[in-house]
Amino acid sequence: MFSLDLLLQAVVSGVLLGGVYGLVASGLSLIFGVLRIINFAHGAVMMLAMYATYWLFALLHVDPYLSIVVTGPAFFLLGMLIQRVVIEPNRFAAEHNQLLLTLGLALFLENLALVLWQGDFRTVRPAYANASFTLGEALVEVPRLVACAGAVVMALALFGFLRLTDVGKAIRALAEEPEGAMLMGIDVGRIRAVAFGIGAGCVAVAGALVTPFFYVAPDVGESFNIMAFVVVVLGGMGNFVGALLGGFIVGLAESLGATALPGSLKQLVVFALFVLVLLFRPAGLFGGGRGR
Amino acid sequence: MSLLELSNLDVAYGDLPALSDVSLAVEAGETLSVVGANGSGKTTMLRTISGLLRPRRGEVRFEGERIDRLPCHRVVERGVVHVPEGRKVFPSLAVRENLELGSYPRAARAHRADSLERVFSLFPRLRERAGQAAGTLSGGEQQMLAIGRALMARPTLLMLDEPSLGLAPLIVTEIFRTIDAIHRAGVTVLLVEQNTRQALALSRRGYVLENGRVVLVGTGAELLGNEHVKRAYLGM
């Protein structure tokens, strides 16, 4: 039933995947903060990045971690392109229409992947895929540890960028006070594109980090997208630090749920948490930071 | 050639006209006030100049060139900087970060350290509070920050929308004194105010807007002596 060892294992697994959720959610939160839309295509972009990682590995034998050097910047540009071509022209449309737009984009990308690469589960298995060590009684898989560490480093780099650079400050300014930002000479159209690009870049990095221990399939992004959405609500919409912390909370909730409840109910804990937060702390656990 | 020229400007919100046939000129180096009641179109005028709104008809020229089709950030890059009504500072950003963003345009960025020093000497209070989130400042301090942030862009023309709104009389006097100091440092000032007496006393010239139209133009002293202005705006 509920031995201490199992509990420890659940905590380790939860924390490790939680870091990745945190990074995916940071990107989602950033996009929400600046563009005020929930990007339902966020997971689909992650899926594309996972395929990119897969093909780079399968065809060119590029290490999944090394491939980030290519996929990160490439998806940053892809994100900017999506924002410019798909989102920006509909900026003044009603909010629910913009939401449907990103949902439509997600469906399009998923089905495109299905047509191009079929629905088979594909896996990337570099030499270190099964490397692991024990921590007390818990098993720590090295690829999961690397994914978590990489995600946290990337998220911290993003926070640093938002705090220390002019473009980062402009992003926060635009999230808080769009008109004030325009009157300061900030090219807000460009900043919106950059924010979307960064969001796509974050989720691409997350995608590359998980491929050594996850499967790749057209709908793989969906579960990450839903988890990231829960994380963003938990952490406070547009609160970047909250997104990272919320990632760990959701990761833990999911893996503890999986330990305590039978298989198909494992996400019950996550969504119960989600509903409770919406009921009692609608602004998020860490206060509703706009662009913090 | 005037520094800023509005000619026959019509601006509307949907079917609702906000400005009708407004012509106005700001000369280089002067302080010009636009006064009028709530809803007379003062804010609309500034928003049109800074590119937040597009005119239906008419032109806005700055240093002889049309700016009424430019996006907001291009207008700022030319040296027209607007301190909006309600200040619109970035509340969770530190005071220093707010000021740094004022010098976001490339040309201003090169002078950031100088400008920051100048703003801090003009508003010593902001130096004391440099690390504090702007949202924690008092109303008067936020107004100083909004003005300081605009000065960071090194404006040729500074446009102020109701800088005295909601502030205690003592602070209002301080703000007006600062505006005068900014003007004497060589910045052309376009001031929009409901605080008619203090605005006109400070200005070389003034315009009176009523229902989106210019109804009176004159020197500050002339307008302060005008019977209609006295009755309608000065409560005399």
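The values are calculated or read from the model by the stated rules, or taken from the named source; none is laboratory data. Source: prediction; values computed, not measured. Neighbour counts are summed over all protein chains in view; Cβ atoms, including those assigned to glycine, are modelled from backbone coordinates with ideal geometry. Accessible surface is based on the protein model in full, side chains and every heavy atom, while ligands, DNA and RNA are left aside. Shrake-Rupley method; radii C 1.70, N 1.55, O 1.52, S 1.80 Å.
Annotations
- Gyration tensor verdict on region A:180-292 (Cα atoms; rounded if a/c is under 1.5, prolate if a/b is larger than b/c, oblate otherwise): oblate
- Shielding by other protein chains, B:70-77, mean Cβ within 10 Å: 5
- All-pairs Cα distance distribution in the protein assembly as shown, expressed in whole percent, bin size 10 Å: 4, 17, 23, 20, 15, 11, 7, 3, 1, 0
- Debye log10 I(q)/I(0) for region A:1-159, one point scatterer per Cα, at q = 0.09, 0.18 Å⁻¹: -0.38, -1.23
- Remark: region B:15-167 carries a charge dipole of roughly 420 debye about the Cα centre, counting +1 on each Lys and Arg Cβ and -1 on each Asp and Glu Cβ.
- From helices alone, chain B scores -10500 deg cm²/dmol at 222 nm; the rule is -39500 (n - 2.57) for each run of n ≥ 4 DSSP H residues, then divide by the residue total.
- Amide H to amide H, with H built 1.01 Å from N, B:E30 comes under 5 Å of B:V189, counting only residues 5 or more places away or on other chains.
- Rounded percent of accessible protein surface that carbon and sulfur make up, region B:83-154, 1.4 Å probe: 47 percent
- Counted over the protein assembly as shown, the DSSP beta bridges are approximately 60% antiparallel.
- Residues with amide H under 5 Å from that of B:Y207, placed H, sequence gap 5 or more: B:S33, B:V34, B:V35
- Couplings 3J(HN,Hα) of region B:66-75, computed from phi: 5, 10, 6, 10, 7, x, 3, 5, 6, 5 Hz, in residue order, whole Hz [Karplus 6.51 cos²θ - 1.76 cosθ + 1.60, θ = phi - 60°; x for Gly and Pro].
- Point-charge dipole on Cβ atoms (K/R +1, D/E -1) for region B:83-154, about Cα centre, debye to 20: 160 debye
- Hydrodynamic analysis of region B:159-236 uses the Kirkwood radius over alpha carbon pairs. Inserted into Stokes-Einstein at 20 °C and 1.002 mPa s, it gives a translational diffusion coefficient of 164 µm²/s.
- Using only Cα coordinates, the Kirkwood hydrodynamic radius of region A:1-61 works out to 14.3 Å.
- Taken one residue at a time, the phi angles of region A:75-88 give Karplus couplings (6.51, -1.76, 1.60, θ = phi - 60°) of 6, 4, 5, 4, x, 4, 5, 4, 4, 5, 8, 9, 7, 4 Hz. Gly and Pro are set to x.
- Largest GNM mean-square fluctuation among A:L107, A:L273, A:L60, using chain A with Cα springs under 10 Å: A:L60.
- C-alpha center-to-center spacing [region B:143-210, region A:117-152] in angstrom: 62 Å
- Heavy atoms of chains A and B lose about 2100 Å² of accessible surface on contact, summed over both sides with a 1.4 Å probe.
- Pairwise Cα distances in region B:28-71 exceed 13 Å for 61 percent of all pairs.
- GNM flexibility winner over chain A from A:L135, A:L66, A:L101 (Cα, springs under 10 Å): A:L135
- In the elastic network of chain B, a GNM with C-alpha springs shorter than 10 Å, the most mobile of B:E65, B:E27, B:E162 is B:E65.
- Surface composition of chain A: carbon and sulfur atoms hold 72% of the protein heavy-atom accessible area at a 1.4 Å probe.
- With the convex hull drawn over the C-alpha atoms of chain A, the volume per residue is 133 Å³.
- The 3J(HN,Hα) values that the Karplus relation (6.51, -1.76, 1.60; θ = phi - 60°) gives for region B:202-210 are, in residue order, 7, 9, 6, 9, x, 10, 10, 9, 9 Hz. Gly and Pro appear as x.
- With Cα atoms defining each centre, region A:1-67 and region B:29-69 are spaced 49 Å apart in the structure.
- The Cα atoms of chain B cover 47, 41, 33 Å along the three principal axes, with the biggest extent listed first.
- Solvent-accessible area per residue in region A:81-166 equals 60 Å², computed with a 1.4 angstrom probe and all protein chains kept.
- Coordinate range of the alpha-carbon atoms in region B:83-154 per principal axis, descending: 30, 23, 18 Å.
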